[in-house]
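Read-outs: derived from the displayed coordinates by stated rules, not from any lab. Predicted, not measured: the structure shown is a model, and the values here were computed from it.
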Amino acid sequence: MREARGLKLGSATLKAPSVAGFPPAAEFKPDEAIPVAPGNSGLLLLT
């Protein structure tokens, strides 16, 4: 993966916040698979 928009891949994190009606809160690295059950969706924040 390339660095873009000033984000450093070594320190970038995808965060799924705790929001009612969404999957539980979690954190993922940019190269990590993100599990999503069929028919479901999620909310991710890139930090």
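Below, the figures for the structure above:
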item: Taking the chain and dividing mean pair separation by its residue count, relative contact order in percent (alpha carbons under 8 Å, at least six apart); result: 40
item: Of every Cα-Cα pair in the chain, the percent that sits beyond 11 Å; result: 69
